[in-house]
Amino acid sequence: MECYLDNSATTKCFEEVKNLVADVMTKDYGNPSSMHRKGVEAEKFMKQAKEIIAANLKVNEKEIFFTSGGTESNNLAIIGAAMANMRAGKHLITSAIEHPSVMNAMKYLEEQGFLVTYLPVDHNGIIDLEKLKEALCDETILVSIMYVNNEIGAASPVEETAQLIKKFNPNILYHVDAIQAFGKYRILPKRQGIDMLSISGHKINGPKGVGVLYVNEKVKIRPIIFGGGQQKGMRSGTENVPGVAGIGLAVQLSYCDFNEKIECLYELKQYFIEEIGKIEGTTINGKTDRKSAPHIISVSFDDVKSEVLLHALESKCIYVSAGSACASNKPAVSQTLKAIGVKKELLDSTVRFSFSFETTKEELTYCLEALKEILPKLRLYKRH
């Protein structure tokens, strides 16, 4: 049996998405900027994808921009908004457990003279709203907090955060990295007070190399890529039409029978947590109830290096992650685990299990049985 439990790193394309992407690449391959029929046909796929995504988010189509993925969406939101609004202030706020595409964008802005406040989180990975309130000041122009943490599945209080920010100053922009949340939560930016929202295609059973940034039409933002002026000059470069068509369809399929899918994920998560908790020397990190994301579980294993366990599981065709695959394939200490207070000896003994809508109970049972067999052997080997 093959057991893929690394869906937070990337997901398998829906079959329908794969077929659509192939057709657009080989049949409807025109440049959407071209004025002839092939270009018009390609442009139709762009328009259709915008309609699907905008309808899902309940926003205007003109507020949807396509990017090369989640990293670019986050960079465009943070750097673009900071540069466009710097006359109003140069103070930014984020959390201590953001994705590298947010953290490194913030570090870049610090080099440009901006001041960044990194909010601490509790042992569940949640920011303290009082700390946020204390951090807000007259110079604050942007707050960026992720919806769901990619390592431990912590779900932020998105609406409460927005209310606090807007009460202090309605002009402060609120960006949400929803890359691990979209497809797992119903997200309505205008109702939730979100000014900018980042989405990635390959996290929702769509193609790699395509993302979305929602930008409220009232937000001042500058482009960070310059060229031919595509997408109203916000994101120049010939559009990735196959990818755009694919992400549009992936969004549509992800939210079809949505409630049933999410209920199934939570049931699988609860089963896995209950069973893995019975294995000696395991610690589950973060919340385990329905206040956490339905598809991510972080588990630390006493006396076993995560990289060793990862490859031992791989030998049985079980695929998991020893951290965030988005950072690099080089082992590094997780800033998220450090921020939530995981014991020092467990920092490099933690594995992430992440599910998709296609994950089955049989796969999880197979993984659990493999862990029961592998862990005692690895621990015995370490002792000797």
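The values are calculated or read from the model by the stated rules, or taken from the named source; none is laboratory data. Just so you know, these numbers come straight off a predicted model, no measurement behind them. Heads up, the Cβs are rebuilt from the backbone with ideal geometry, glycines too, and the neighbour counts pull from every protein chain shown. Just so you know, the surface numbers come from the protein's heavy atoms only, side chains and all, with ligands and any DNA or RNA stripped out. Shrake-Rupley method; radii C 1.70, N 1.55, O 1.52, S 1.80 Å.
The set of residues from segment 234-251 being farther than 15 Å from Ser73 by Cβ and part of a loop (DSSP other than H, G, I, E, B) comprises Ser236, Thr238. Could you go through segment 30-44 and let me know if any residue there is under 27 Å from Ser356 (Cβ atoms) and free of Cβ contacts under 8 Å to residues at least 12 places away in the same chain. No; the residues of segment 30-44 include none that is under 27 Å from Ser356 (Cβ atoms) and free of Cβ contacts under 8 Å to residues at least 12 places away in the same chain.
From Asn104, Asn19, Asn56, grab the single residue that is outside the structural domain of Leu309 (by the TED database), in contact (Cβ under 8 Å) with a residue 40 or more places away in the chain and open to solvent by 10 Å² or more (accessible area, probe 1.4 Å).
One residue alone meets the criteria, Asn56.
No other residue among Gly183, Gly193, Gly206 is under 22 Å from Asp257 (Cβ atoms), touching a Lys or Arg at 6+ places or on another chain (Cβ under 9 Å) and assigned by the TED database to the domain that holds Ala105 apart from Gly183. Suppose we keep only residues that are outside any strand (DSSP E or B) and in contact with a helix residue (DSSP H, G or I) (Cβ under 9 Å, 6 or more places away or on another chain) within segment 113-127. Which one would you say is most open to solvent (accessible area, probe 1.4 Å)? Restricting to residues being outside any strand (DSSP E or B) and in contact with a helix residue (DSSP H, G or I) (Cβ under 9 Å, 6 or more places away or on another chain), the top hit is Pro120. Set side by side, the residues Ser334, Ser292 differ, and just one is open to solvent by less than 70 Å² (accessible area, probe 1.4 Å), at pLDDT below 95 and either on the phi < 0 side of the Ramachandran plot or among the aromatic types (Phe, Trp, Tyr) (or both), which is Ser334.
Modelled with pLDDT of 95 or more, under 26 Å from the mean Cα position of the chain (by Cα) and among the aliphatic types (A, V, I, L, M), is that true of Val351?
Numbers: modelled with pLDDT of 95 or more: yes; under 26 Å from the mean Cα position of the chain (by Cα): yes; among the aliphatic types (A, V, I, L, M): yes.
Yes: the conditions hold for Val351.
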